[in-house]
Amino acid sequence: MRDEETTPQNATGTLSPGAPAAPRADAAAPRSGPAPWTLRLVAIGLVLTALNLRPAITSLGALLEEVRDGLHMSGSVAGVLTSVPPLCFAVFGVMAPRLARRFGPGAVVCAGMVAITAGLVIRPLAGGTAGFLAASALALMGIAVSNVLMPVIVKRWFPDRVGSMTGLYSMALALGTSLAAAVTVPLTDAMGGSWKGGLGIWAVLAAAAILPWLPLVRDRATAHEPASAAARPQAQEMRITRSRTAWALACFFGLQATAAYITMGWMPQIFRDAGVSAGTAGVLLAVTMAMGVPLAFVIPRVAARMRTQGPIVVFLGACGLTGYAGLYLAPSGGAWAWALLLGISNCAFPLALTMIGMRARSGAGVVRLSAFAQSTGYLISIPGPLLVGVLYQHSGGWGVPIALMAALMVPQMAMGVLAGRDRTIEDES
């Protein structure tokens, strides 16, 4: 707060002809911004953190069959396991802003990386299903708070490079997602074939992500947002639950998250049950996740130039329906094509984030809409992976679960078209 107060004083001082004022302004100017080495450290921290925000999930998807056999899990319990990520994101993500105000985002992200590391270390050592679920929840708690605070840190440290740094962070997140899906099975085979080693090895990457944040743990300046106090009265007056657009966005976000977590948790198993090898199934999941690297840049730019985003929603949904039809009719014969189509469909996530920014006029409105749409959306997404596991166990195959996935794509498209209309929540709340 002190830095923010000195900046206008320095700018005013440079306009006066008095000699003493100029040296003070020159001397204060370097202190008003972070040192170059600090910015480099934060950039490294952002990349390493983003790399760790999905391997705990996609590495498990690649080895889900081995984990189920090793811990004697039923299909229903495995469905619970695939529902844990959205549950943790909904519950713990809500806590992130409050923790950041008290301790600073840098400290909270550092603690998140510690939680991810601890969870990934403990998870393979768990002797039963309960311990495995608890360790997974610990890692996912760290992912949840870190995921929410990444945009805050980008805006704090790189206010003039938000787009490029967000792109770098998004690319690293997609890379970590696909990398874990692709190499977990080969790493497991190289370490003797035990699923415990294949899951635990990702703790090394998480531990490396702790180091860049250690010098920033005591930096409380990141905990304050000067504009938030001014925007708070306007945000409090806004009753977002009265907005149809906000509810449509929340449902769209929740349904696309449902599809994403079903894909990450169950798609490798679908291919393996169709006769595809474990290693190839992991690579297919990696291909699906890797589609998010280029499309995360293209889709938001195209969407921002359109008055309504409904056509993009329909295109992504059509790709998803085609992919599910392929999984139902010929899961192994066209496996690569279905993986690509589902990867395109899963890019509804960056589209949802783009629409959140477009459906509110003010910064306070964007914050409110983002919190509402994401927290409500993640709650909506919780039952989907669990229901897929139950249907898989009781039907004895993938026909009924795939039909459910395709059916959920229809309301996702409908809600996306409603959310993509050219209007703002301020007009409705």
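The values are calculated or read from the model by the stated rules, or taken from the named source; none is laboratory data. Since the model is a prediction, treat every value here as computed from it, not as a measurement. Note: ideal-geometry Cβ built from the backbone for every residue, glycine included; neighbour counts use all protein chains shown. Heads up: the accessible areas ignore ligands, DNA and RNA and are worked out on the full protein's heavy atoms, side chains in. Shrake-Rupley method; radii C 1.70, N 1.55, O 1.52, S 1.80 Å.
The candidates L173, L53, arranged from most to least accessible area with a 1.4 Å probe in the full protein assembly, appear as L173, L53.
Sequence-ordered 3J(HN,Hα) estimates for the range 169-181 from the Karplus curve with 6.51, -1.76 and 1.60 and θ = phi - 60° stand at 5, 5, 5, 5, 5, 5, 5, x, 4, 6, 4, 5, 5 Hz, glycine and proline given as x. Sorting the segments 268-278, 106-116, 380-390 by their residues' average number of neighbouring beta-carbon atoms within 10 angstrom, most packed first, yields 106-116, 380-390, 268-278.
Classify the range 74-125 as rounded, prolate or oblate, taking a ≥ b ≥ c as the square roots of the eigenvalues of its Cα gyration tensor: rounded when a/c is under 1.5, otherwise prolate if a/b is larger than b/c and oblate if not. Taking the square roots of the gyration eigenvalues as a ≥ b ≥ c, the range 74-125 is oblate. Would the range 28-117 count as rounded, prolate or oblate if I go by the C-alpha gyration tensor, calling it rounded below 1.5 in a/c and otherwise prolate when a/b exceeds b/c, oblate otherwise? Prolate shape, in that a/c is at least 1.5 and a/b is the bigger ratio. Does the range 64-171 come out rounded, prolate or oblate, given a ≥ b ≥ c as the square roots of the eigenvalues of its C-alpha gyration tensor, rounded meaning a/c under 1.5 and, failing that, prolate meaning a/b above b/c? Cα axes put the range 64-171 in the prolate bin.
Only protein heavy atoms count here; under a 1.4 Å probe, M413 has an accessible surface of about 40 Å². Translational diffusion of the range 245-315, estimated by Stokes-Einstein from the Kirkwood radius over alpha carbon pairs at 37 °C in a medium of 0.692 mPa s, is 231 µm² per second.
Packing, as the average of other Cβ atoms within 10 Å across residues, places the peptides 329-340, 202-213 in the order 202-213, 329-340, highest first. Note on surface exposure: T58, T322 rank T322, T58 by accessible area, highest first, 1.4 Å probe. The residue list G128, V154, M165 was ranked by how far each Cα lies along the charge dipole of the range 106-221 toward its positive end, using unit charges on Cβ atoms, and V154 comes out on top.
Using the Karplus relation 6.51 cos²θ - 1.76 cosθ + 1.60 with θ = phi - 60°, the per-residue 3J(HN,Hα) values for the range 81-98 come to 4, 6, 8, 4, x, x, 4, 5, 5, 6, 7, 7, x, 5, 6, 4, x, 5 Hz, with x marking Gly and Pro. The Cα-based radius of gyration of the range 293-429, divided by its Kirkwood radius, gives an Rg/Rh of 1.02. Max-minus-min Cα coordinates of the range 359-424 on each principal axis give 51, 20, 8 Å, with the largest extent listed first. Annotation for W37 and M191: the two label points, set 7 Å from Cα along the Cα-Cβ direction, are 3.4 nm apart. With R₀ fixed at 30 Å, the C-beta to C-beta distance from S76 to A330 puts the FRET efficiency at about 0.60.
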